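The values are calculated or read from the model by the stated rules, or taken from the named source; none is laboratory data. Owing to the predicted nature of the structure, the values given are computational and were not obtained by experimental measurement. Neighbour counts are summed over all protein chains in view; Cβ atoms, including those assigned to glycine, are modelled from backbone coordinates with ideal geometry. For the accessible areas, the whole protein counts, side chains as well, though only heavy atoms, and no ligand, DNA or RNA atoms are used. Shrake-Rupley method; radii C 1.70, N 1.55, O 1.52, S 1.80 Å.
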Amino acid sequence: MTVLYDVPGPRARARNRLLGVLGTVALLAIFAFVIYRLAAAGQFSPRVWEWIQYKAIQLLLLDALWNTLRAFAVAAVLSLIFGAVFAAGRLSDHAWLSRPATAIVEFFRAIPLLILIFILFFGLTQGAGIQITAFWAVVLGLMLYNGSVLAEIFRAGVASLPRGQSEAAYGLGMRKSQVMTYVLLPQAVRAMLPTIISQLVVVLKDTALGFLILYPELLYQARYLGGQGQLGSPILPVAIVIAAIYISMCLLLSWLANVLERRSRRSVKARPDPGAFDPEAPAPEPEPVGTSATG
Amino acid sequence: MNVLLDNLGLYGSAFLGTIELFVVAAIGSLVGGLLLAAMRVSPVPVLRAFGTGYVNIVRNTPLTLVFFFFAFAYPRLAIVDLSFFTRACMALIVYTSAFVCEVIRSGVNTVPVGQAEASRALGFSFGQTLSAVVMPQALRSVVPPLTNVQIALLKNTTIAAGFSVFEAGGIYQRLSEQGYNVLIGLLWVAVGFLILVVPLTLLQRRLERSWSVAR
């Protein structure tokens, strides 16, 4: 039950039923219209779905899927490293280290990822004569952008821990690097794991930007197949299949994030709970970083 | 510097295109997100299920794919012939609405149930409860993350440039045709986005600090 509605009485129940019926009818009408348009445009004819049976096309799509996953894996690992390094830089006590790190993180978060990829791919090639392949342009762009977002996530995670944790560690005579690596980071990573994985979903989604610089990933092959006249130009069926692939991959990752979140909510250890140590401090909510990216 | 000064008109019209797209899509996504959020918190199971399904699917779809649909697949359906600008707006609205919906929904859910119960006990009608008790409180936790979503939308408008060239992200193609240095041209585009995004980010941080409620 949400905040807004009381437990319904007889009149409210009747109204809700009516709304339910009207809503169902409206939604069904929309779906029926879409299906009708698809059918009228001949998108259900066997001709435009034939391509699924061809072995060469299946291999082509598998290859495209591999290219997407390869870019995702490399970009994910690199952005985690980038994020860890720059989070450490921002948390440093030395201004000569923390200021540039802050500036770099803020800079790459403010620029659209696509512009970053364009700079790496077209800019460096045509402007500075440095050759970068489409693969590396996508991966490095993803690393710079998502790495910066991850740096913020790591930092927020460390900041959300109770102060007593680091105080106790310092009190035991640990040095700053020891406090970080043995005490703060393990807890912060555990608390932020769901957010980190949501950000990895963003990385996976944004590999699709490679399409715009002709990196041969899923969307690129979809465009290519969709333009093939001898297959009946099946751009809609191909787009539907590609969408299903992308959505199921991302849903799988999101589901993992949800499972982890539920697990960490159950376990007391992983919860950053400042109230236990400092009742005056306001609950430091981790920044809603998931929304800051393309998605 | 020459690249910018020689092409001031090009940059001007391109960034105008970006801002136009942003404003239309921002208004559209706010309306769409509000509708979806109303569905998701409504006591009608069908609407709730549709809202949840929509949000879960759209949030897990790459925006480039949404654009792909509207750019290449939509014209095949031959429903209404729309300009690319309109289709770009629709793609951005379809995508961003899901994020706006989630922000509004979680904002409404931060209001303790007791607040609404107390106002009902005082005899407030649904409209009064919503406008005088729940919304003023929800708004405070909604606006900062909502700014975040809109900043992301502003940056996402560049994807339209990958499909057509009326927008700031497409400047490099014109410059490249005219033989200018593309790297410098693109860096100026980046500077342009910094000028647009940084004030919004500062506003967002300020809102977050001054509007956050201690509960």
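Listed values, structure above:
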quantity: Qualifying residue in region A:172-179 (condition: modelled with pLDDT of 90 or more, open to solvent by 10 Å² or more (accessible area, probe 1.4 Å), under 30 Å from A:Phe211 (Cβ atoms) and in contact with a helix residue (DSSP H, G or I) (Cβ under 9 Å, 6 or more places away or on another chain)); calculated: no
quantity: A:Trp66 more than 23 Å from A:Val203 (Cα to Cα) and open to solvent by 50 Å² or more (accessible area, probe 1.4 Å); calculated: no
quantity: Matching residues in region A:245-266 - criterion: being farther than 24 Å from A:Asp63 by Cα and touching a residue at least 60 places away in the same chain (Cβ under 8 Å); calculated: A:Ala257, A:Asn258, A:Leu260, A:Glu261, A:Ser264
quantity: Meets criteria (touching a helix residue (DSSP H, G or I) at 6+ places or on another chain (Cβ under 6 Å), among the aliphatic types (A, V, I, L, M), more than 25 Å from A:Gln221 (Cβ to Cβ) and open to solvent by 40 Å² or more (accessible area, probe 1.4 Å)) for B:Ile104; calculated: no
quantity: Residues of region A:122-140 satisfying the condition of being more than 10 Å from chain B (Cβ to nearest Cβ), buried (at least 20 other Cβ atoms within 10 Å of the Cβ) and not aliphatic (A, V, I, L, M); calculated: none
quantity: Residue list for region B:68-94, restricted to those being open to solvent by less than 30 Å² (accessible area, probe 1.4 Å) and either outside any helix (DSSP H, G or I) or in contact with a Lys or Arg (Cβ under 7 Å, 6 or more places away or on another chain) (or both); calculated: B:Ala71, B:Leu77
quantity: Selection within region B:42-67 - assigned to a helix (DSSP H, G or I), farther than 19 Å from A:Ile197 by Cβ and either of a type in the set (Lys, Arg) or facing chain A (nearest Cβ under 7 Å) (or both); calculated: B:Pro45, B:Val46, B:Leu47, B:Arg48, B:Phe50, B:Leu63, B:Thr64, B:Leu65
quantity: From B:Arg174, B:Arg206, B:Arg140, residue being open to solvent by 70 Å² or more (accessible area, probe 1.4 Å), within 27 Å of the chain's Cα centre (by Cα) and touching a residue at least 60 places away in the same chain (Cβ under 8 Å); calculated: B:Arg140
quantity: Residue among B:Leu4, B:Leu34 that alone is open to solvent by 70 Å² or more (accessible area, probe 1.4 Å) and in contact (Cβ under 8 Å) with a residue 60 or more places away in the chain; calculated: B:Leu34
